[in-house]
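Input: a single structure, listed below in structure tokens.
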Amino acid sequence: MTSRLKVGVLVSGRGSNLQALLDACGDPSHPAEIVTVISNVPGAYALERAAKAGVPTQTIDHKGFSGREPFEAALTAALESAGVQLVCLAGFMRLLTPGFVTHWHDRMINIHPSLLPSFKGLHTHERALAAGVRFHGCTVHYVRADMDAGPIIVQAAVPVLADDDADALGARVLEAEHRIYPLALRLVAEGKAVVDGERVLLRDAGGPDHSLVNPLD
């Protein structure tokens, strides 16, 4: 096969989405490989997940810098030193400056626990329940300077059930996240997800052949 896309993953916490990416990229036939995992939080469990998978890790603590720009310069230096071609944000709990986003334009993707553009920001599950939507979900998208904005690669919809609370709904969404993040990475690495302005055009990618209805009766 041709050379695999070199991926760097930025994390801050437990790293469940990182684990999904590690599991997918652990298959030598996957078109992407994770070459570094960087955390801004010392001791984040995500680092242990990466180490167990044999992936090099680094900690770049944002608290050791005088501001966001110097911190992000250190991030970029570490990513580029590892040969990273695409950055994946996986629970990276830092707001990124426009300069950093511009540097990695169309080379950085993120996963967000809602069907964007609905429910940007935090507490998405609580807000979905309060709004009374019948479907919630998650989105993988290219990163732009505006929060939770950018061309959408993959989305997954999950039903909101009558007895859901935020925890139950969030667990269902997280399961979908673990499915679509590796899928989105594969589509990007294979060249099937092509950015055209502020949209992603999908080449040779299938789609569902039926509508979803909630409730059923």
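The values are calculated or read from the model by the stated rules, or taken from the named source; none is laboratory data. Quick caveat, the model's predicted, so the values are computed rather than measured. Note: ideal-geometry Cβ built from the backbone for every residue, glycine included; neighbour counts use all protein chains shown. Note: areas computed on protein heavy atoms with side chains; ligands, DNA, RNA excluded. Shrake-Rupley method; radii C 1.70, N 1.55, O 1.52, S 1.80 Å.
Among the residues of segment 163-173, write down those that are of a type in the set (A, V, I, L, M, F, W, C) and either within 15 Å of ALA131 (Cβ to Cβ) or crowded, with 18+ Cβ neighbours inside 10 Å (or both). Explain how you work it out, then say what you get.
Just the residues of segment 163-173 that are of a type in the set (A, V, I, L, M, F, W, C), to begin with: 166, 168-169, 171, 173.
Scanning segment 163-173 gives ALA166, LEU169, VAL173.
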Quick one: which residue in ALA24, ALA20 is over 18 Å from LEU79 (Cα atoms) and buried (at least 20 other Cβ atoms within 10 Å of the Cβ)? ALA20
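Restricting attention to segment 8-15, does a residue exist that is open to solvent by less than 60 Å² (accessible area, probe 1.4 Å), out of contact with any strand residue (DSSP E or B) (no Cβ under 9 Å at 6 or more places or on another chain) and among the polar types (S, T, N, Q)?
Going through segment 8-15, the residues open to solvent by less than 60 Å² (accessible area, probe 1.4 Å) turn out to be 8-13, 15.
Next, only the ones that are out of contact with any strand residue (DSSP E or B) (no Cβ under 9 Å at 6 or more places or on another chain) stay: none.
Scanning segment 8-15 turns up no residue that is open to solvent by less than 60 Å² (accessible area, probe 1.4 Å), out of contact with any strand residue (DSSP E or B) (no Cβ under 9 Å at 6 or more places or on another chain) and among the polar types (S, T, N, Q).
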Among (1) closer than 19 Å to LEU96 by Cα; (2) out of contact with any helix residue (DSSP H, G or I) (no Cβ under 8 Å at 6 or more places or on another chain), PHE65 falls short only on (2)
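Quick one: which of VAL41, VAL55 is open to solvent by 10 Å² or more (accessible area, probe 1.4 Å), under 20 Å from ALA189 (Cβ atoms), of a type in the set (A, V, I, L, M) and part of a loop (DSSP other than H, G, I, E, B)?
When all the criteria are applied, what remains is VAL55.
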Selection status of VAL143, under 18 Å from LEU116 (Cα atoms) and open to solvent by less than 40 Å² (accessible area, probe 1.4 Å): yes
Give the residues of segment 174-217 that are out of contact with any helix residue (DSSP H, G or I) (no Cβ under 9 Å at 6 or more places or on another chain), small (Gly, Ala, Ser) and either surrounded by fewer than 14 Cβ atoms within 10 Å (Cβ to Cβ) or part of a strand (DSSP E or B) (or both), sorted by residue number. GLY191, GLY197, GLY206, GLY207, SER211
Inspect segment 116-136 for any residue being crowded, with 17+ Cβ neighbours inside 10 Å, at positive phi and not in a strand (DSSP E or B) and give the result as yes or no. yes
Selection status of ALA44, in contact with a helix residue (DSSP H, G or I) (Cβ under 9 Å, 6 or more places away or on another chain), in contact (Cβ under 8 Å) with a residue 24 or more places away in the chain and farther than 20 Å from SER81 by Cα: no
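Here is a check on your reading of the model: is GLY99 surrounded by fewer than 21 Cβ atoms within 10 Å (Cβ to Cβ), outside any helix (DSSP H, G or I) and not aliphatic (A, V, I, L, M)? Before you say what the answer is, go through the steps one by one.
Working: surrounded by fewer than 21 Cβ atoms within 10 Å (Cβ to Cβ): yes; outside any helix (DSSP H, G or I): no; not aliphatic (A, V, I, L, M): yes.
Answer is no for this residue.
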Please state which of the following conditions ARG94 fails to meet, knowing it meets all the rest: (1) under 15 Å from ILE38 (Cβ atoms); (2) open to solvent by 70 Å² or more (accessible area, probe 1.4 Å); (3) not in a loop (DSSP other than H, G, I, E, B). (3)
Considering only segment 58-91, how many residues are outside any loop (DSSP other than H, G, I, E, B) and open to solvent by 30 Å² or more (accessible area, probe 1.4 Å)? 12
